[in-house]
Amino acid sequence: MVTEEYLKNKINEPLKNKEKLIALRKAFKTTRDRQNENRILFPDLDSRKERLKKSREYSIGNKELLSQAIKNFEKNGFKVFIAKDNDDAVNYIINEIGEEKLVVKSKSNVTKEICLHEKLEEKGIEVIETDLGDYIIQLSNGKPAHPTGPACHLSRYDIAKIFSDAFQINLEPDPLTLTKFGREKIRNYIEKAKVGITGANAICAEEGAAIIINNEGNINLVQMREKKHIIVTSIDKLYPNIEEAINMLKLCTYYATGAPITSYVEIIAGISKTADIEKMLFKGMQGPGEVILVIVDNGRTEAIEKGYKNLFYCIGCGNCLLDCPVYYVVGNEYGYKGYLGGRGTSASYFLDSPDTALENGLYFCTTCNSCELSCPVDIGNSEYSERIREEVTSIEKNFPTHRKIIENIKKSKNPFGEKSKNETKKGTDIVYFRGCMALYREKDIKDSTMKILERAGVSYALIEEVCCGSVALRTGEKELAKELAKENLEKIKQTGVSTVIFSCAGCLRTFLKDYPNFEESQLKLLHSSQYFLKLIKEGKLKIKDGNKIKLTFHDPCHMGRHLKIYEEPRDILKVIPNIELVEMKRTKENSRCCGAGGGVKSLFGELAIAMARERVKDAIEVEAEAIISTCPFCKRNLKDVSEIDVSDLSEILLKYSE
Ligand code: SF4
Ligand code: SF4
């Protein structure tokens, strides 16, 4: 049973021991720098991504294309097996390995998914990983941290210790010494093995060809083992043809490493054979006598049919990990086996079980959607974590904090269980929807907003609002959210006013994007900052002088990436003469999440705090004296850790207007 306590303990180690993340962050920075440096080599990057998306859309779940692929692989001499689940795949592979007691293997997430390594060892078959990073992970009994750089979270000191402990020697923590040592060990095993197992980055239907990329050259050695080459892949690695797969390989390499191409691209479209002497066919001339292709389904078809097709567009580049705020502070504790971060966790729901998804961090995701922006095929985990949370609510009984919040909403119509302090007021210009945070926790925000509205002579109505439903939605309680939406919309309708303004970016997003029948309501919904700017432009709100101050603006994810509202809050700050607005390095659509969203603040407070610390560091780096935001959740979470002042835009505008 995966409990709240279990999950808190799981992330406790990386949250407390930041040393562990130094190597990972350094590796991610190197990748990002190299991507930026080589961006010039991809003038057609956007059209390549579009082409890739189209090809994934066409191929994923395309049963006819899969049949064509199988037919062509068989025509080329491959033995093909479709495995419906883990056991199916493992039993088949064990049978193919036969009497051999040593198998060499290259990087493959599908083999990790089906627990091949462990199952082979149970049968007394020794399995050796031949990618250096994977070999280090194998020796340390650890978990990879990146799809193409599995050991990137380990320092030279960690690796020296791993090798020294494993071989009872004393190795210097020198990267070159360690690399050469690993190479010799791996080479010895490869020479002895008669069966090699690899994954495949792509299986191409038109040609019946498998494509595998690598830098180390180990794939070539593994696939050339004398007896058999077993390729273990999955149905979502399907491409219509080699050209489309090559486009994917270029993008995958660029996003995974920053390089324009890998050292090796292996295309396997047949078996090793000759008929040079009197046309007599001989199989296994210099390569293996048999090539076997195992294509694993393991829940993918069901997921695709349930509407999760885009989740399986993934090409395994790992770029989403580089900007994920959760991964940044807990590393590979977030993710499932080789499928790391939010996307991997969501996929684990289908590839394994609901409990596995919970254990791997289904509730860690802040729903910031930074990953969608980094992903070459637009996989945004925010949508998937919300949908999957909805499916697991029935087994979420072991999360008492969430249960309490949901009970509070049901009983008191707010997540804090507070007695309603909802004053109502008639007005003719707008309805001001304050939101639970401004009503019960960050009251200065509502007070400032109302004072500004009064100052500008706006006739505003207040309704006896109930929670907007955002918390319920983000944590998987869609039905409850629908009831709340209905109640709020009816109350707004009764005022006869058609414009509603919001202090909270989360409430605004929920109304705009998630409210059923919202379109029919014909309401105009704005964030308060958008409305304030209008008042300034119309001359209803006058800007006045005040203390000189250097500020930075933090884009709330709900308002920025989710609603694409970036400029209005900045425009307000820019018209105030004594305010100097400085931008943090990560800003606007690339803004770093504060860590409070998706129910993370309430469920995993320490995790939210760790993310907030990183955001505050961004502000300090640009020497800002204060952080301004337009979301009460962001304000509270940043304020909880900040050495500098954190305010809502309404509070600062109140000071600088008359
Ligand atoms: S939505 Fe944000 S927190 Fe969730 S997986 Fe994507 S980047 Fe990470
Ligand atoms: S989800 Fe997107 S960015 Fe992340 S590994 Fe897959 S393809 Fe790459």
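Every read-out reported here was derived from the displayed coordinates using simple, explicitly stated rules and does not represent laboratory data. Owing to the predicted nature of the structure, the values given are computational and were not obtained by experimental measurement. In this analysis, Cβ positions are derived from the backbone assuming ideal geometry, glycine residues included, and neighbour counts consider all displayed protein chains.
Miscellaneous remarks
- Contact order, relative form, for the range 128-176: 28 percent (alpha carbon pairs under 8 Å, 6 or more residues apart, mean separation divided by residue count).
- Taking the inverse of the mean reciprocal distance over all distinct Cα pairs, the Kirkwood hydrodynamic radius of the range 543-655 comes to 14.0 Å.
- Considering only Cα atoms, the convex hull volume of the chain works out to 163 Å³ per residue.
- Between the range 598-652 and the range 251-301, the C-alpha centres lie 51 angstrom from each other.
- For the chain, the relative contact order comes to 12 percent (Cα pairs under 8 Å, sequence separation of at least 6).
- Two-site label geometry, VAL582 and TYR6: point separation in nm, points 7 Å out along Cα→Cβ: 4.6
- A simple charge model with +1 on the Cβ of Lys and Arg, -1 on the Cβ of Asp and Glu and nothing else charged puts the dipole of the chain at about 1240 debye relative to its Cα centre.
- Think of the chain as having a plus end and a minus end, set by charges on the Cβ of Lys, Arg, Asp and Glu; of TYR308, TYR58, ASN590, ASN590 sits farthest toward the positive end of this dipole.
- For the range 1-100, with +1 on Lys and Arg beta carbons and -1 on Asp and Glu, the positive-most of SER67, ASN86, LEU24 along the dipole: LEU24
- Here the simple spin-label model places points 7 Å from the Cα toward Cβ, and for GLU122 and GLU37 these points are separated by 4.6 nm.
- A straight chain from GLU454 to ASP44 at 0.36 nm per residue would run longer than the Cα-Cα distance by 142.4 nm.
- Kirkwood hydrodynamic radius of the range 415-536, from the reciprocal of the average inverse Cα-Cα distance over all distinct pairs: 14.5 Å.
- Whichever aspartates and glutamates have a C-alpha closer than 12 Å to that of LYS54, once near sequence neighbours (fewer than 8 apart) are set aside: GLU244, ASP378
- Of LYS49/LYS250; LYS421/LYS482; LYS446/LYS655, pairs whose Cα-Cα distance is over 18 Å: LYS421/LYS482
- Cross-link table LYS537/LYS639; LYS493/LYS564; LYS63/LYS237; LYS10/LYS443; LYS426/LYS478, entries beyond 24 Å C-alpha to C-alpha: LYS537/LYS639; LYS493/LYS564; LYS10/LYS443; LYS426/LYS478
- Take the Cβ atoms of LYS540 and LYS161, set R0 to 51 Å, and the FRET efficiency comes out at 0.15.
- Note on the range 517-602: Kirkwood hydrodynamic radius from all Cα pairs is 14.9 Å, rounded to one decimal.
- About the Cα centre, charge dipole magnitude for the range 274-385 (Lys/Arg +1, Asp/Glu -1 at Cβ), debye: 140
- Over the range 199-249, relative contact order from alpha-carbon pairs under 8 Å, at least 6 apart, %: 50
- Placing +1 on the Cβ of every Lys and Arg and -1 on the Cβ of every Asp and Glu, with nothing else charged, gives the range 227-270 a dipole about its Cα centre of roughly 240 debye.
- Approximate spin-label separation ASN141-LYS75, in nm, with each point projected 7 Å along Cα-to-Cβ: 5.0
- Straight-distance candidates among the lysines for linking to LYS279, with alpha-carbon spacing under 28 Å and chain neighbours fewer than 8 residues away dropped: LYS71, LYS75, LYS79, LYS194, LYS227, LYS228.
- Label-zone membership for the range 469-508, site ASP571, 7 angstrom Cα→C-beta point, backbone N under 12 Å: none
- Cross-link reach list, aspartates and glutamates versus LYS101, counting only Cα pairs under 15 Å and skipping chain neighbours closer than eight places: GLU118, GLU121, GLU122, GLU126, GLU129, GLU191, GLU226
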